[in-house]
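Heads up: the structure comes next, in structure tokens.
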Amino acid sequence: MSKTVAYARTSTSKQDLGIEVQLEAFRIYEPDKIFQEQVSGRKEDREELAKAFSSLETGDTFLIYRIDRLSRSVRQLINLEADLREKNIHLKIIHENIDTATVMGRLVFNILATFAEMESENVSMRTRSALQELKKKGVKLGNKGLDKKTIVEIVDLYENSSLTQREIAEKCHVCTRTVYNVAKRNKLIRKCL
């Protein structure tokens, strides 16, 4: 008996609403299994996508919300669709109303794959242009760095307490990596207390 496997993806954890929209759209199709993850669409080795693919069998339907949830690379999209078709697995895309079980569905899929990649490249190009303009205007980009008071507090706690790096990070409202970097830059050595 064939089944429907759904896959939802957002690029970052800040896009929780994006996941919810996808999951809500899946409800009408009553998928047997839903895989979801937060990872870039350009990344080829996505753990949950791999699990979704390995759960599919001949005659199954692979359901996604939008074409760019699967990938933003034309090559990757076409390869994924070809792999599914070779195994007689249908790809259904809700937002674009595509079903690769039909010739027209496959044609529209290939056209939209090209547009998905083009849009991704346009976003990258606009971002790079905006960053270059800001640099020309003298705007400092990136992390503003730690204030001296926080650095002094980290150094003091690192050298004069038995707190772990994680505990120091929590106390100073920074990440553990920041504590590690401050210790490394200042060549700090932990004193045994």
## Note on the structure
Calculated from DSSP helices alone, with each H run of at least 4 adding -39500 (n - 2.57) and the total divided by the residues of the chain, [θ]222 nm to the nearest 500 comes to -16500 deg cm²/dmol
### Query
Which is the longest run of the chain containing none of the trypsin sites (Lys or Arg not before Pro) found in DSSP loop states (not H, G, I, E, B) with at most 16 other C-beta atoms within 10 Å?
88-136
#### Entry: Charge context of residue 88, other residues only, Cβ under 12 angstrom, K/R +1, D/E -1
-2
### Query
Using a simple spin-label model with points 7 Å from Cα along the Cα→Cβ vector, what separation in nm is obtained for residue 121 and residue 43?
2.4 nm
### Task
Report, for segment 4-120, the % of DSSP beta bridges that are antiparallel, rounded to 5.
10 percent
### Query
When Lys and Arg each count +1 and Asp and Glu each count -1, what net charge do the other residues less than 10 Å away from residue 183, Cβ to Cβ, add up to?
+3
### Query
What Kirkwood radius, in Å to one decimal, follows from the Cα pairs of the chain?
20.3 Å
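Bear in mind these aren't lab numbers, they're just calculated from the coordinates by the rules spelled out. The structure presented is a predicted model; accordingly, all values stated were derived computationally and were not measured. We place every Cβ from the backbone using ideal geometry, glycine too, and count neighbours over all the protein chains shown.
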